[in-house]
1. With the calculation restricted to Cα positions, what are the radius of gyration and Dmax of region 2-107 in angstrom?
2. Arrange the peptides 92-105, 17-30, 130-143 so that the one whose residues have, on average, the most other Cβ atoms within 10 Å appears first.
3. Normalised by the number of residues in region 179-258, what is the relative contact order in percent for Cα pairs under 8 Å and 6+ residues apart?
4. Within the chain, what whole-number % of the accessible surface is contributed by carbon and sulfur, with the 1.4 Å probe and all protein chains included in the calculation?
5. Any idea what the dipole of the chain comes to, in debye rounded to 20, about its Cα centre with Lys/Arg Cβ at +1 and Asp/Glu Cβ at -1?
6. Measure nothing but the geometry: give the 0 to 90° angle between the long axis through the Cα atoms of 225-236 and the longest principal axis through the Cα atoms of the chain, rounded to 10°.
7. Defining a contact as two alpha carbons under 8 Å apart and six or more residues distant in sequence, what relative contact order in percent does the chain show?
8. Taking the solvent-accessible surface of protein heavy atoms with a 1.4 Å probe, what is the per residue accessible area of the chain in Å²?
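The values are calculated or read from the model by the stated rules, or taken from the named source; none is laboratory data. Just so it is clear, the structure is predicted and the values come from calculations on it, not from any experiment. With ideal geometry, Cβ positions are generated from the backbone for all residues, glycine too; neighbour counts draw on all protein chains shown. Only protein heavy atoms, including side chains, enter the accessible area calculation; ligands, DNA and RNA are left aside. Shrake-Rupley method; radii C 1.70, N 1.55, O 1.52, S 1.80 Å.
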Amino acid sequence: MIPGIKGKRVLVTAASRGIGYATAKRFLEEGATVVISSHDESKLNKAVQSLSNLGPVKGIKADLTSSEEVSSLVREAAERLGGLDVLAYITGSPKPGEMTNLSDQDWEDGFKLLIMSAVVAVREATKLMKRGGRIILSASMTLLMPLPRLDLSNVLRLSIAGIVKSASIELAQSGILVNGVLPGWTMTERIEQIIEERSIKEGRRREEIEREIVKDIPLGRYGKPEEIANAILFLASDLSTYITGALIPVDGGYTKCI
Ligand SMILES: NC(=O)c1ccc[n+]([C@@H]2O[C@H](COP(=O)([O-])OP(=O)(O)OC[C@H]3O[C@@H](n4cnc5c(N)ncnc54)[C@H](OP(=O)(O)O)[C@@H]3O)[C@@H](O)[C@H]2O)c1
């Protein structure tokens, strides 16, 4: 068991599948009580159903592009959990695209999804958390190393570093630790879909595209969603009591910058 997770009251956002789902699953396996959210009710209900044999879990539907919904999600989650100890903040993905073809609306939508939602969630969570509270924001390797055709992520996610740093300093006195994780190539439905789309567009076999990506990952494979989840659990646990304001890449060595 990971020390300090059992009995924790945890909100995991964007958790009907992928990294969020794996994070909720790992918290439940370690004895936490969990609320998960997503903006598709039927996918959310399916996820709650499949997680419910592991421990106490509830779902709340909320669109992370709406500040009002993010704010009420955090409050309602704390009500249902009887308090809030951990916020594991994950979002959906922004639209792929480049400077030359993304519209003003795309930028505004991306800002709401990736940044405004994190600002509101952190603000609301800190009103409810007591000493020992943990906030973990999951962003992306693009925060360290821009990737082609992911300009919304390349540009906007940099602000997650600002949020983590600012909030960690402001909340240190209250005993709340704030950190971030930066996932690298992690095999989820979304990545399978990206590879499939590239394969169709470029007329190349899936395996060829997969190999092309993996050759730049020093550990020689894609990450598993549970491996991102484990880093989030570490930051929520008693093993990380002197870590705040950190951004931890979980990317098999993909980002080569120092
Ligand atoms: N996988 C990777 O390699 C990788 C690498 C770096 C960063 N990331 C980032 O990590 C995050 C999760 O990635 P993933 O691969 O796990 O994605 P995924 O498998 O596509 O899952 C995305 C989750 O976000 C939810 N979601 C999407 N839009 C939402 C919205 N507006 N409001 C509320 N929930 C929303 C989806 O739920 P519903 O559809 O049920 O609403 C789903 O649960 C994304 O931000 C992604 O960009 C992923």
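1. Cα-based Rg and Dmax for region 2-107 come out at 14.9, 49 Å.
2. In descending order of packing, they fall as 17-30, 130-143, 92-105.
3. Once normalised by length, the contact order is 52 percent.
4. 53 percent
5. 700 debye
6. 40 degrees
7. 21 percent
8. I get 48 Å² per residue for this part.
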